[in-house]
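**Q** The structure under discussion is supplied below as structure tokens; questions concerning it will follow.
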Amino acid sequence: MAAPSAATDKAAEPLASPVSSHNEWDPLEEVVVGRLDGATIPSKHPVVACNLPPWAARLQGLAASCRYPRRMVEEAQRELDQFIALLRSLGITVRRPDAVDHGQRFGTPDWSSHGFCNTCPRDSMLVIGDEIIETPMAWPCRYFETHSYRTLLKDYFRRGARWTAAPRPQLTDALFKADFTVPADGEPMRYILTEFEPVFDAADFVRAGRDLFVTRSNVTNEMGISWLRRHLGSGYRIHEIESRCRAPMHIDTTFIPLSPGKALVNPEYIDVDRLPDILKSWDILVAPEPNPIDERLLRLTSMCGKWLNMNVLMVDDKRVIVERHHTDMLRALERWGFEPIPCDLMHYAPFGGSFHCATLDIRRRGTLESYFP
């Protein structure tokens, strides 16, 4: 019997995955940054409108499926280019999705929609260790959003990464409560989603090694949280963060771990006394009030609310990229022992977020650890 060749032995060796990220703060080495090309105002749907003030929902419905105005795109693009240049100057590899036309109509046997954009890779993909998970998002206009990242996903897979897609949702009317209204202050919390099938956005989760934190929201239901909990298995724990936001969507303007033992919280949405007990050993840093934004058009078109001062990106456990406009946040981070790096990205808000939303950590230099007793 012939001995195995050297080529056979090499083929049998496991590939070293180019994907490896366990938390929000290990030194960042590679990141995917979103793209503005082809951005289209989200299609009209109750799951989109429920996260907007009533007047903004009406305007959004009138403009649904239209292109964003050129001026808005150009202003956001200038800032995005500067942000990418900053990341590269810090020695971080930047990868980009393909440019696609989000104005094209698509559908299933039950519904049809135009697209949205691929500005926020943090929403549609979740990196856990060496695995990238495509998430089952609740907005119909985002149904095929990860297709613009498939060139990257296939490259990462060929080089050794694990690539998983959560069950693709049907997004029929059974998933959405037909009579839903946003709960008023003092009313019991309720959500537009039923438990018809698992749905979740990756941006409703943040990572701290073997522990993840999640907010249930109008894009993440209990079934979605259960799916991820079972998929990850006993090696991970998922803890739910209770939010007082009346229209919750995405955790990274509510609660975000900054480094081992330190987490930033939104005082409007978080009751510190009601945080999970596991966080009692951590320093809870209360975010300062965001600095007011004078630009009226930007205030009217932002999809993210006022707390984007919290939407920061950790370069490592000390250096943190922060919106230059939010000087109170810059000063607070300095007081807490961090090294803030100011950058402009305010005009990205109409497209879905800021630094944390606009990026997906692919590789951070570190190992899987537990940061809690």
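**Q** Among the listed pairs 154/262; 280/318; 44/177; 262/306, give every one whose C-alpha distance is greater than 25 Å.
**A** Details: 154/262 35 Å; 280/318 22 Å; 44/177 16 Å; 262/306 22 Å.
From 154/262; 280/318; 44/177; 262/306, over 25 Å: 154/262.
**Q** Please compute the contact order of the chain in relative form: average sequence separation of alpha-carbon pairs under 8 Å and at least six residues apart, divided by the residue count, as a percent.
**A** On the way: 774 pairs, mean separation 85.6, N = 373.
Dividing the mean separation by the residue count of the chain yields 23 percent.
**Q** Using only alpha carbon pairs under 8 Å that are at least six residues apart, calculate the relative contact order of segment 236-328 and give it in whole percent.
**A** That works out to 27 percent.
**Q** Next question, about the same structure. Taking the Kirkwood radius as the inverse of the mean 1/r across Cα pairs, report the Rg/Rh of segment 1-142.
**A** Working: Rg = 20.6 Å, Rh = 18.4 Å.
Looking at segment 1-142, the ratio lands at 1.12.
**Q** Another question, if that's okay. Show that you can apply the helix-only estimate: for the chain, add -39,500 (n - 2.57) for every DSSP H stretch of four or more residues, divide by all residues, and state [θ] at 222 nm to the nearest 500.
**A** -6000 deg cm²/dmol
**Q** Project the alpha carbons of segment 198-312 onto their principal axes and report the range along each, largest first, in whole Å.
**A** Per principal axis, max minus min of the Cα coordinates gives 48, 32, 21 Å.
**Q** Can I ask one more? Can you tell me which of 192-205, 168-181, 40-53 comes out highest on packing, and rank the rest after it, using the mean Cβ neighbours within 10 Å?
**A** The densest-packed peptide leads the list: 192-205, 40-53, 168-181.
**Q** Would you kindly calculate the translational diffusion coefficient of the chain, applying Stokes-Einstein with the Kirkwood radius from alpha carbon pairs, for 25 °C and a viscosity of 0.890 mPa s, and quote it in µm² s⁻¹ without decimals?
**A** 116
No lab work stands behind these numbers, since they all come straight from the coordinates. Computed from a predicted structure; not experimentally measured. No Cβ is skipped: glycine too gets one built from the backbone with ideal geometry, and neighbour counts run over all protein chains shown.
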